[in-house]
Amino acid sequence: MLRVKDGDLDKMGLLFERYNRPLFAFFYHMTHKPDASEDLVQNVFYRMLKYKHTFTGDGEFRTWMYHLGRNALNDWVKKNRSFNFYDVSEVADYVGGGTLADEQLERQQDKDFLHQAMGELSPEYREVLILSRFQEMKYDEIAKVLNINEGLVKVRVHRALGELKKRFFTNERR
């Protein structure tokens, strides 16, 4: 990113190759909308160019990138006020019956229950779980992205996991 900041815009392609998938996954886990997730990724890379002067190189690039990503997501949510964070995909039709189809259906149902439970979490809890579990960020990195202390990140992750577990098993019984 420092080279991009110095005017070597060709390096932006390398950054895109490295980080577009993790960013897409972050947005997809937050919205469950592939089109919106793609648009948000593009928005983040546009913002990287627009705000390249704010990247100092003191911190990790990924932290700065996710900070821009959070801002893009917040702006998107404001524009889409009717957006519902929970939008579980329909269970696929399984043909053929039998044990394998039953196992596939059960796995799909568990996945749907998990998506539903994630969608029911507060945005703060969902965000820390996605960053820590799906994006595999360390707590100190998450603290920098969220602009909070590391202890609060640990507390949020712990509480979010407890809330997720409670909601998952409640949804499973319905």
**OP:** Could you please tell me which pairs satisfy a Cβ distance under 7 Å, a separation of 6+ or placement on different chains, a first residue in the range 150-169 that is without any contact (Cβ under 8 Å) to a residue 40 or more places away in the chain, and a second residue that is basic (K, R) and not in a helix (DSSP H, G or I)?
**Re:** none
Subject >> the range 133-150 - residue that is of a type in the set (D, E, K, R) and under 15 Å from the mean Cα position of the chain (by Cα) and, of those, surrounded by the most Cβ atoms within 10 Å (Cβ to Cβ) >> reply: E141
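Conditions (1) in the same structural domain as V128 (by TED's automatic domain parsing); (2) surrounded by 14 or more Cβ atoms within 10 Å (Cβ to Cβ); (3) at pLDDT below 90, marked per residue:
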{"residue": "S37", "(1), (2), (3)": "no, yes, no"}
{"residue": "N43", "(1), (2), (3)": "no, yes, no"}
{"residue": "K50", "(1), (2), (3)": "no, no, no"}
{"residue": "G57", "(1), (2), (3)": "no, no, yes"}
{"residue": "N84", "(1), (2), (3)": "no, no, yes"}
{"residue": "V88", "(1), (2), (3)": "no, yes, yes"}
{"residue": "Q109", "(1), (2), (3)": "yes, no, yes"}
Original post:
Restricting to the range 119-146, what's the tally of residues that are out of contact with any Phe, Trp or Tyr (no Cβ under 9 Å at 6 or more places or on another chain), within 22 Å of T31 (Cβ to Cβ) and in a loop (DSSP other than H, G, I, E, B)?
Top reply: 2
**OP:** Would you mind telling me which numbered condition in (1) in contact (Cβ under 8 Å) with a residue 12 or more places away in the chain; (2) not in a helix (DSSP H, G or I) R81 fails?
**Re:** (1)
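The values are calculated or read from the model by the stated rules, or taken from the named source; none is laboratory data. Treat the numbers as computed from the prediction; the structure is a model and nothing was measured. So basically every Cβ, Gly included, is an ideal-geometry build from the backbone, and we count neighbours across all protein chains shown.
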